[in-house]
Amino acid sequence: MEVSEDLLNEPILKIQNVSKSFPGTKALDDVTMDLYGGEVLGLCGENGAGKSTLMKIISGGLQKDSGKLLYKGEEVAFSSPRDAHLNGIGIVHQEIINCPELSVAENICMSVMDKNPKGFLDYNWMYKTAEEYLSRFNVEINVKEKLSNLSISYQQIVEIVKALLLDCSVLIFDEPTAALTEDESEKLFAIIDELRKNNIGIIYISHRLEEVFNNCDRVTILRDGQFIDTLNIKDVEVKTVINKMIGRELGDFYPEKAAGSDEEVLLSVRELTNKPSFANVSFDLRKGEILGVSGLMGSGRTETARSICGLDRKQTGSVFLEGKELSIKSYKDSISEGIVYLTENRKKEGLFLEMSITDNVSAMSLGEMSGKILMNKSLEIENTDRYCKELSVKYSEKTDKVGTLSGGNQQKILIAKLLSVSPKIVILDEPTRGIDVGSKKEIYTLIRALVDRGVGVIVISSDLEEIVGLCDRVMVFHEGTMMGDLTDKDITESNIMHMASGIAKGSNL
Ligand SMILES: Nc1ncnc2c1ncn2[C@@H]1O[C@H](COP(=O)(O)OP(=O)(O)OP(=O)(O)O)[C@@H](O)[C@H]1O
Ligand SMILES: [Mg+2]
């Protein structure tokens, strides 16, 4: 029998007029869109646009209020994620939701135990299967290790590998690269390409538009819970996608840079060492400059920041604030001195997801930890409110649990909280991870405003474009040492990459 063109071209998944409300929020408003087998469909939208909510509905984690899902031509409603798996729909969640106390192998194989030929708890099979799938990322992960002992990038890989095992016809990736290195991301794109060739329908969510443009066939844009448009990647410009996402022209993305700073030194670090992470790190942070820190993951950037703030111990070295040597033994000491740190790992260390926004803001670490020296609570709360407004944090009630906010909005709350104590020095580790383009701009503007007000800001980032666009001076780390710094016109992606790979500044290599 001849199969008609139309049937071959039938979408694998049709989302029709789907709506979903939470108390106080209409997260999805009559969304209609399609996914075809063998395509990678990008899904873009600002923080809180409804992307994750829609994906959870498709993959059985949430129930829609109204509308239809047609999968392989039939109407479906999955009662649970497991129900969706069994029908061939898998998801890699934005927020890692594995079991931290179990081993890597147990986490990876959890959903596919029934495929194990020898029965339920055959550990050898689990180890072998986990190793085989992890090898696609070419990383050295011990499959017997407890998951919580892994870095976030490795935990993310585990989450991805777990979904790859499911044999899906539709696979959803919700911000999969937010915690991955560039190398690991490339491996993921190669895997996605293979899946596409096997006729799997893929939905790919990312705030990194470059990734969407390099890896997707089409892109669907959501705004405020509504479907805006679907476009062929090859026919569209990045600018158009951004404008559709935010509903206006973005204008200049980065604030104007400072004209070289010879102002007073705010923070001095001398010969700071904590082997094997980093050794002999020395630098000055001047008033009026945004100091960027670049380098590959694991090059010692985060570890240096954590030592400065008393989150990790230092072996030797000194830290001076406004000329006075500090003796910081804990993060509490650091906050008392006015030095705060935005963690790159908000889920593990940053926020209490089960607590309300108010409680996170008022009862959380800073106020409690900083004790007597610090600020009164009401000022802290007032400040947080102000920064939440400045950063346009999207929530319905302040009594909402932080865990119900979209990923990007959680990050903004964390930044607002950090600034609420009126710090002198702010160290931001990957501040715009998971943040949409419009909000990124708000964060950059805020950083520039802080610096103009005399606050010292250090930005650690793996996003080279961000470092180049935002920072007045850039220090580059390589394998635990500082390779040097770049200013003005020397701040280029290529110079940074050279230094990050260990080639000295000014070398002709
Ligand atoms: N369980 C929940 N309870 C209450 N509100 C929720 C819940 N989950 C999501 N929301 C709200 O629904 C809206 C859409 O959130 P969603 O997580 O889908 O956004 P998103 O597009 O994935 O954003 P991001 O890019 O920041 O991840 C937000 O306003 C969010 O606060
Ligand atoms: Mg999301």
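Residues to consider are 132, 75; find the one that is within 20 Å of residue 191 (Cα to Cα) and either in contact with a Cys (Cβ under 7 Å, 6 or more places away or on another chain) or modelled with pLDDT of 85 or more (or both). Steps first, answer last, please.
Working: 75 fails: within 20 Å of residue 191 (Cα to Cα).
Answer to the selection: 132.
For segment 72-92, name all the residues that are without any contact (Cβ under 8 Å) to a residue 40 or more places away in the chain and not small (Gly, Ala, Ser). Talk me through it step by step, then tell me what you get.
Step one: list which residues in segment 72-92 are without any contact (Cβ under 8 Å) to a residue 40 or more places away in the chain, which gives 74-84, 86-87.
Within segment 72-92, 74, 75, 76, 78, 81, 82, 83, 86, 87 meet the criteria.
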Next item on the list: Evaluate segment 399-406: report whether one residue or more is touching a Phe, Trp or Tyr at 6+ places or on another chain (Cβ under 7 Å), modelled with pLDDT of 80 or more, in the same structural domain as residue 419 (by TED's automatic domain parsing) and not in a helix (DSSP H, G or I).
Entry: yes
Checklist line | Residue check for residue 467: touching a Leu at 6+ places or on another chain (Cβ under 8 Å) and in a helix (DSSP H, G or I) | finding: no
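Please tell me if residue 199 is surrounded by fewer than 18 Cβ atoms within 10 Å (Cβ to Cβ), more than 16 Å from ligand 2 (Cβ to nearest atom) and not assigned by TED's automatic domain parsing to the domain that holds residue 462.
So residue 199 passes the test.
Yes/no per residue for (1) touching a residue at least 60 places away in the same chain (Cβ under 8 Å); (2) within 12 Å of ligand 2 (Cβ to nearest atom):
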position: 31; (1), (2): yes, no
position: 39; (1), (2): yes, no
position: 42; (1), (2): yes, no
position: 45; (1), (2): yes, yes
position: 57; (1), (2): no, no
position: 62; (1), (2): no, no
position: 67; (1), (2): no, no
position: 70; (1), (2): no, no
Note to self: Given (1) crowded, with 17+ Cβ neighbours inside 10 Å; (2) over 27 Å from residue 298 (Cβ atoms), identify the lone condition not met by residue 122.
What the structure shows: (1)
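Matching residues to (1) surrounded by 20 or more Cβ atoms within 10 Å (Cβ to Cβ); (2) outside the structural domain of residue 431 (by TED's automatic domain parsing); (3) of a type outside the set (Lys, Arg):
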residue: 324; (1), (2), (3): no, no, no
residue: 329; (1), (2), (3): no, no, no
residue: 334; (1), (2), (3): yes, no, yes
residue: 342; (1), (2), (3): yes, no, yes
residue: 354; (1), (2), (3): no, no, yes
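Taking into account only those residues within segment 91-127 that are assigned to a loop (DSSP other than H, G, I, E, B) and within 16 Å of ligand 2 (Cβ to nearest atom), which is modelled with the highest pLDDT?
Keep residues of segment 91-127 that are assigned to a loop (DSSP other than H, G, I, E, B), which gives 93-102, 116-122.
Cutting the leftovers down to within 16 Å of ligand 2 (Cβ to nearest atom) gives us 93-97.
Numbers: 93: 88, 94: 82, 95: 75, 96: 70, 97: 71.
Here the residue is 93.
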Checklist line | Selection status of residue 447, within 16 Å of the chain's Cα centre (by Cα), not assigned by TED's automatic domain parsing to the domain that holds residue 206 and not in a loop (DSSP other than H, G, I, E, B) | finding: no
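Per-residue answers, yes or no, for (1) modelled with pLDDT of 85 or more; (2) in a helix (DSSP H, G or I):
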| residue | (1), (2) |
| --- | --- |
| 382 | no, yes |
| 387 | no, yes |
| 410 | yes, yes |
| 427 | yes, no |
| 432 | yes, no |
Checklist line | Test: residue in segment 176-190 that is touching a residue at least 24 places away in the same chain (Cβ under 8 Å) and more than 30 Å from residue 295 (Cα to Cα) | finding: no
Checklist line | Test for residue 242: is it part of a strand (DSSP E or B) and assigned by TED's automatic domain parsing to the domain that holds residue 32 | finding: no
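Given the condition assigned to a strand (DSSP E or B) and buried (at least 22 other Cβ atoms within 10 Å of the Cβ), answer yes or no: does some residue in segment 248-265 qualify?
Here is the first cut: in segment 248-265, the residues assigned to a strand (DSSP E or B) are 265.
Restricting the remaining residues to those that are buried (at least 22 other Cβ atoms within 10 Å of the Cβ) gives none.
No, because not a single residue in segment 248-265 is assigned to a strand (DSSP E or B) and buried (at least 22 other Cβ atoms within 10 Å of the Cβ).
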Next item on the list: Check off (1) at pLDDT below 95; (2) more than 16 Å from ligand 2 (Cβ to nearest atom); (3) not aromatic (Phe, Trp, Tyr) for residue 207 and give me the number that stays unchecked.
Entry: (2)
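Within segment 160-188, track down each residue that is within 16 Å of ligand 1 (Cβ to nearest atom), assigned to a strand (DSSP E or B) and not β-branched (Val, Ile, Thr). Let's see the steps before the verdict.
Step one: list which residues in segment 160-188 are within 16 Å of ligand 1 (Cβ to nearest atom), which gives 172-179.
Add one more test, that the residue is assigned to a strand (DSSP E or B), and what stays is 172-174.
Within segment 160-188, 173, 174 qualify.
How about segment 39-57: which of its residues are over 17 Å from residue 228 (Cα atoms) and away from ligand 1 (no atom under 12 Å from the Cβ)?
So in segment 39-57, the residues over 17 Å from residue 228 (Cα atoms) come out as 39-40, 56-57.
Listed by number, the residues that qualify are 39, 40.
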Item checked: Index of the failed condition, residue 497 passing every other in (1) assigned to a helix (DSSP H, G or I); (2) exposed (fewer than 14 other Cβ atoms within 10 Å of the Cβ) -> (2)
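Only one of 61, 67, 90 is in contact with a Pro (Cβ under 6 Å, 6 or more places away or on another chain) and either crowded, with 17+ Cβ neighbours inside 10 Å or within 29 Å of residue 20 (Cβ to Cβ) (or both); which? Full working, then the answer.
Details: 67 fails: in contact with a Pro (Cβ under 6 Å, 6 or more places away or on another chain); 90 fails: in contact with a Pro (Cβ under 6 Å, 6 or more places away or on another chain).
On inspection, the qualifying residue turns out to be 61.
The values are calculated or read from the model by the stated rules, or taken from the named source; none is laboratory data. The shown structure was predicted, so the numbers you read here are calculated from the model rather than taken from an experiment. Using ideal geometry, Cβ is built from the backbone for each residue, glycine included, and neighbour counts are taken over all protein chains shown.
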